[in-house]
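Taking it in order: structure first as structure tokens, then the write-up.
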Amino acid sequence: MTQTRASGRKKGTQRGSRPQSRGSIKLTGRGAVVALFAACFLSLLFAAWTGWSVFADVTFVMTCGVITCYTRVSGLRAVVVCPPLAFFAGSVLAQVLTAPDTFSAAEGILVTLGSSALWLFTGTALAVAIALGRGYRPKVPEIPQLSNLREALREVWPSRSERADRWVRRR
């Protein structure tokens with residue numbers, strides 16, 4: 001079998017382990033938040049004009065999944081946190097634009113959030129599940145008071161072998 005090498009490459013060099021396709025889209029965390037807000041706002045505006053509230057809810061859940069899939073791993077923290085806030089902001093803006101007065105806008109915001117609570121939970125849970133599957137691991141801050149908890153518990157509670165020795169010595 002004859003091997004040929006490409007004219008632009010040196011012998012022994014290898015390409016990267018994972019080639020990136022030119023058509024793939026990767027969003028930053030901020031871009032994903034803006035896209036989620038835009039989708040929520042437009043779907044809520046459409047739902048307010050047509051009366052199809054389920055359209056806004058389904059669009060929210062779908063957008064949560066799509067946005068989480070297309071966001072860089074470094075930006076997943078913002079995507080995991082922001083879905084309820086983006087929906088709330090979109091709801092406020094859509095109600096302010098479509099309601100005749102302030103009281104109707106406040107009532108519409110509360111009714112929208114109340115009737116969409118299950119969808120909000122589902123979309124947020126979907127975003128968290130996809131983010132964890134893509135490699136997002138939240139950084140838990142270390143609490144200095146609890147860092148030596150295991151050692152402190154060993155001093156207070158003896159191990160099983162020490163308890164057995166105490167039992168034998170008492171007899």
Fill in the blank from the handout: For the stretch 51-64, Karplus-derived ³J(HN,Hα) couplings (6.51, -1.76, 1.60; θ = phi - 60°; whole Hz; x for glycine and proline) come out as x, 8, 5, 5, 4, 5, 5, 5, 4, 4, 5, 4, 5, 4
Fill in the blank from the handout: Under a 1.4 Å probe, counting only protein heavy atoms, VAL96 has an accessible area in Å², nearest 10, of 90
Exercise for the section: Report the residues of the stretch 49-81 in range of a label on VAL111: point 7 Å along Cα→C-beta, backbone N strictly under 13 Å from it. Expected result: 49-53
Practice task
Could you go through the stretch 106-116 in sequence order and give the Karplus-derived ³J(HN,Hα) for each residue, using 6.51 cos²θ - 1.76 cosθ + 1.60 with θ = phi - 60°, rounded to whole Hz, and x for Gly and Pro?
Solution key: 5, 5, x, 5, 5, 5, 5, 5, x, 7, 9
Completion exercise
Simple spin-label estimate for LEU93/SER74, 7 Å along Cα→Cβ, in nm, reads 2.6
Practice task
Report, by chain and number, residues whose modeled amide H sits under 5 Å from the one on LEU27, excluding near sequence neighbours (fewer than 5 apart, same chain).
Solution key: THR71, ARG72
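The values are calculated or read from the model by the stated rules, or taken from the named source; none is laboratory data. Just so it is clear, the structure is predicted and the values come from calculations on it, not from any experiment. Heads up, the Cβs are rebuilt from the backbone with ideal geometry, glycines too, and the neighbour counts pull from every protein chain shown. Please note that ligands, DNA and RNA were not included when accessible areas were found on the heavy atoms of the full protein model with its side chains. Shrake-Rupley method; radii C 1.70, N 1.55, O 1.52, S 1.80 Å.
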